[in-house]
There are 2 protein chains.
Amino acid sequence: MIAEKIAQANKEAVGRLQSAQPTIVGIGTAGKDIPGMTKKTILHAGPPVTWDKMSGPLKGAVIGGLIYEGLAANKEEAEKLAASGEITFDPCHHRNAVGPMAGVVTYSMPVWIVENKTFGNKAYCTLNEGLGKVLRFGAYGEEVITRLKWMENTLAPVLKATLELSGEIDLKTMIAQVVQMGDEGHNRNKAGTSLLIRELAPYIVKTNFSDQVKADVLSFMHSNDHFFLNLTMPAAKCALEPMKGVKYSTLVYTMARNGTEFGIRVAGLGDRWFTAPAEIIQGLYFPGYSEKDANPDIGDSAITETSGIGGFAMAAAIPIVQFVGGVPQDAINYSKSMYEITEAENIAYKIPVLDFRGTATGIDIQKVIETGIRPIINTGIAHKDAGVGQVGAGLVHPPMKCFEDALEAFIEQLEAEGEL
Amino acid sequence: MIAEKIAQANKEAVGRLQSAQPTIVGIGTAGKDIPGMTKKTILHAGPPVTWDKMSGPLKGAVIGGLIYEGLAANKEEAEKLAASGEITFDPCHHRNAVGPMAGVVTYSMPVWIVENKTFGNKAYCTLNEGLGKVLRFGAYGEEVITRLKWMENTLAPVLKATLELSGEIDLKTMIAQVVQMGDEGHNRNKAGTSLLIRELAPYIVKTNFSDQVKADVLSFMHSNDHFFLNLTMPAAKCALEPMKGVKYSTLVYTMARNGTEFGIRVAGLGDRWFTAPAEIIQGLYFPGYSEKDANPDIGDSAITETSGIGGFAMAAAIPIVQFVGGVPQDAINYSKSMYEITEAENIAYKIPVLDFRGTATGIDIQKVIETGIRPIINTGIAHKDAGVGQVGAGLVHPPMKCFEDALEAFIEQLEAEGEL
């Protein structure tokens, strides 16, 4: 019976996810550590997209990336080069990487290296730049490039040396703790950033850098409560990756957006993307901005929800409603409703207010279609124009079409194989 | 009308509490900063108690304090000196100080100096020693004394220099944040300890101590999730102190236990203690221990509940039920029931799961008597014998007699003044 095969496959797939052991193993650079990177490769968030179809914030981040790499001197040169065909654009997700918002990764950028110790696969993510005018929200001005250079030349070497002294850091335990401390790991990362700092601080002190440099690094991390986001993301990415290729599994192992389209990938359907136009985020805007300034949903950060945290753990992070909108009961209801579309309850990430019930984990495209309930995603809102930055935060869903198309393809595949 | 006078007085008293601005202003030593300390003064938790009436853990801490000060070479010498009448024993609360568990403060001990910027009054508290065999739980072995000496000679000078670089630290804002991060400030202080470390770390780096010393200090704080308790306590103490002497006020400004007796003090009744035998704590015991090992309730840490956090904020710290016993709904119910015995809702400390309602603040002895509901306290459990240490954690109440006697005294005072 095919239903039995699917059930077994989903059990296997979610079992792989549950058994993951995401661990920080070091700091590298995109060029040296991510397979196949060249000076002219630019990775971006979400499913594949060509330069002409890119949204404002993604274009802005590409412009910034080319200037940062010294391949262009200004916006005009960068736009010309980006449109020339000389640049290889590819999703982060095709290279074991993930990036928040625009998710632009270029050759010289430092990356966290996170390994799933159970399966040996790795995931990569840049270091979080902080708030305000930053590359990931499409800003590319001088302050953005200067900060990226400081991160490359100072922050990353210090953290690299620190991790050599501290040894590997178990992210699964750390994420389990932060879910007890009001974080959901996507849009609220204050506890995670705090735990990371206290873990690293004694080793930062022991590196051979100057006191001023050490203090600058500690102050930089302290100034940015989202610093830990760029660790929850590769933790989720490397935990989900082993689900790919579990034959007959209808569980989602990727949700990602490039600012134009939302894409999902399904364990039993391999590398194939199922995409549809990304939606506008419902949320709270910073003073002076409104929905008309908003770019559609963008970023690989929905990998957190795919793994069972983010919006799925919102009931563990009630204060987030003051950032994304709504009231506490909404946060509880969102997390509860996700049990209707998932395969399992997380064995590590528990929600205190739901009697320590594990977060809803393992999105099943069958259940999404059956119930009509779409995954809930907590996310930031980028300005639709290149160069502006973040304008708010809120809640969004993947388009239902992604799930419909995936289920259709799944059925077609079964038919082709004579299973139906 | 006297009822009107009382209502006005309680409004005034709770207004003073709400307007408090507890702020870390520095590190000092008990001998130099706490008024009237001599080499032979020993401060302790709770209401006054004589050596012969002290419980095991308090005796143990006194023994340790005398050895630490070099006034005794061993247990026997310390006991003899303690019983000789040469030592002045006095509650911390009589000297603007507070101490967790045994609360022993001696001349050479370093202390946090916390100032209520609204009123200018200060409170003092020793630095938290960590878990396991520690003085505050009545242990006095060599490891305890060695650690106290390291704290005096290394930890305190580093933190003192750090605070000179960082400047003052606003504790009210920090406590408001930790209540959004799963802390209740008494028995759960993981977020507070984390926020303190990330705040101080850049300045620790900039002090002139060796890298090894700086790393040791950061590791020591990192190893102890209760490090922040010794700041929530003096924050609460200095916030509550200005309530003392508000004529006609029936609000409690002190709850404290010496391990033998529980004592409360009431704003309109000045310095007078109302005491009754301390109760046994209901809770969870560490492996190998049970209720028969438990000392009755001990410590000044109930000052947190007196100020509106601790057990009163338990609904903001649901994971604590895994440490003190019970289920999530219990935590919510405890916090909710406290609104029935308090004057106001806290304007700074808000409970996410209760729709960000301010914590119940300002215990009214009238309401405690009327409703029969006693304040709820989250606390640690000390072994009843000197020298052993912590054996568990749980929940406890003040004896009703404290409130009955206080209300009786209040009525007597009104009668004496011709108000009734």
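Laboratory data are not the source of any read-out in this text; all were calculated from the coordinates shown. Note that this is a predicted model, so its numbers are computed, not measured. Glycine gets a Cβ as well: all are built from the backbone with ideal geometry, and neighbour counts include every protein chain shown.
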Could you give, in nm with one decimal, how far A:G85 is from each other copy of that position, shortest first, with labels 7 Å out from Cα toward Cβ? 10.4
Using a 10 Å cut-off around each Cβ of peptide A:188-198, what is the average number of partner chain Cβ atoms that fall inside? 6
Could you derive backbone 3J(HN,Hα) for the stretch B:292-303 from the dihedral phi with the Karplus parameters 6.51, -1.76 and 1.60 (θ = phi - 60°), listing whole Hz in sequence and x where the residue is Gly or Pro? 6, 8, 7, 7, x, 2, 9, x, 7, 5, 5, 4
Can you give the direction-averaged projected area of the convex hull of the alpha-carbon atoms in chain B, in nm²? 19.0 nm²
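What net charge is computed for the residues neighbouring B:L354, neighbours being all others with C-beta under 12 Å from the C-beta of B:L354, Lys and Arg scored +1, Asp and Glu -1? Kindly include the intermediate steps, with their values, before the conclusion.
Numbers: positive: B:K336, B:K350, B:R357; negative: B:E345, B:D355.
Local charge sum for B:L354: +1.
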Give me a single rounded figure for B:354-365: the average over its residues of other chain Cβ atoms within 10 Å of their Cβ. 1
Please give the contour-minus-distance gain from B:K53 to B:R357: 0.36 nm per residue of separation, less the Cα-Cα distance, rounded to one decimal in nm. 105.2 nm
Order A:68-74, B:382-388 from most to least packed using the mean count of other Cβ atoms within 10 Å. B:382-388, A:68-74
Write down the radius of gyration of the stretch A:203-328 and its Dmax, each obtained from C-alpha positions, in Å. 18.6, 55
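In this model, which of B:K39/B:K133; B:K149/B:K292; B:K39/B:K149; A:K367/B:K336; A:K336/B:K336 are farther than 26 Å apart at the alpha-carbon?
Values: B:K39/B:K133 24 Å; B:K149/B:K292 33 Å; B:K39/B:K149 16 Å; A:K367/B:K336 38 Å; A:K336/B:K336 23 Å.
Beyond 26 Å: B:K149/B:K292; A:K367/B:K336.
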Taking the Cβ of B:L127 as the center, what net charge do the other residues with Cβ under 12 Å away carry, scoring Lys and Arg +1 and Asp and Glu -1? +1
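Can you compute the equivalent ellipsoid semi-axes for the stretch A:244-416, i.e. the square root of 5 times each eigenvalue of the Cα gyration tensor, sorted largest first and rounded to whole Å? Intermediate values should be presented prior to the final figure.
Numbers: eigenvalues 144, 93, 26 Å².
They are 27, 22, 11 Å, listed largest first.
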Taking the label point 7 Å from Cα in the Cβ direction, how far apart in nm is A:K32 from each other copy of itself, listed shortest first? 4.8
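As a test of the definition: which semi-axes, in Å, follow for the stretch B:19-110 when you take the square root of five times each eigenvalue of its alpha carbon gyration tensor? Largest first, please. Please list the in-between numbers first.
Values: eigenvalues 113, 42, 23 Å².
Ellipsoid half-lengths, sorted descending, are 24, 14, 11 Å.
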Quick one: check the C-alpha center-to-center distance for the stretch B:145-207 versus the stretch A:100-127, whole angstrom. 33 Å
Going by amide H atoms built from the backbone, whose H comes under 5 Å of the H on B:L127, apart from near neighbours? B:W112
Summing -39500 (n - 2.57) over the DSSP H runs of n ≥ 4 in the protein assembly as shown and dividing by its residue number, what mean residue ellipticity at 222 nm do you reach, to the nearest 500 deg cm²/dmol? -11000 deg cm²/dmol
In nanometres, the difference between 0.36 nm per residue of separation and the alpha-carbon distance of B:A7 and B:S290 is 97.4 nm
Shape descriptors of the stretch A:143-189 over alpha-carbon atoms, Rg and Dmax in angstrom, are 14.5, 36
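Given the protein assembly as shown, report the % of alpha carbon pairs whose separation exceeds 48 Å. Intermediate values should be presented prior to the final figure.
Details: 95128 of 352380 pairs.
For the protein assembly as shown, the share of Cα pairs beyond 48 Å comes to 27 percent.
Once fully extended, how much extra length lies between B:N153 and B:E419, figured as 0.36 nm per residue of separation less the alpha-carbon to alpha-carbon distance?
Numbers: separation 266, 0.36 × 266 = 95.76 nm, distance 5.55 nm.
Value of the extension gain: 90.2 nm.
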To test your reading of the geometry: what angle, between 0 and 90 degrees and rounded to tens, separates the Cα axis of helix A:211-222 from the longest principal axis of chain A? 30 degrees
Would you kindly work out, in nm and rounded to one decimal, the distances from the label point of A:E408 to those of the same position in each other copy, ordered shortest first, with label points 7 Å along Cα-to-Cβ? 8.3
Please compute the alpha carbon radius of gyration of the stretch A:88-166, then divide it by the globular-protein estimate 2.2 N^0.38 Å. Two decimals is fine. 1.17
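Using a Förster radius of 30 Å, what is the FRET efficiency between A:A83 and A:Q282 based on their Cβ-Cβ separation? Nearest 0.05, please. Please list the in-between numbers first.
Details: r = 33 Å, r/R0 = 1.11.
For A:A83 and A:Q282, the calculated efficiency is 0.35.
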In whole Å, what are the extents of the stretch B:23-233 along the principal axes defined by its C-alpha atoms, from largest to smallest? 47, 38, 30
Sort largest first and round to whole Å: the equivalent ellipsoid semi-axes of the stretch A:254-346, each the square root of five times a Cα gyration tensor eigenvalue. 24, 21, 9
I'd like the distance between the alpha-carbon centres of the stretch B:349-395 and the stretch B:249-300, rounded to an integer number of Å. 10 Å
Residue order, fewest to most surrounding Cβ atoms within 10 angstrom, among B:V25, B:V353, B:V114: B:V25, B:V353, B:V114
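Fewest first, what order do A:E115, B:E143 take by the number of other Cβ atoms within 10 Å?
Working: A:E115 20, B:E143 12.
Going from least to most buried by this count: B:E143, A:E115.
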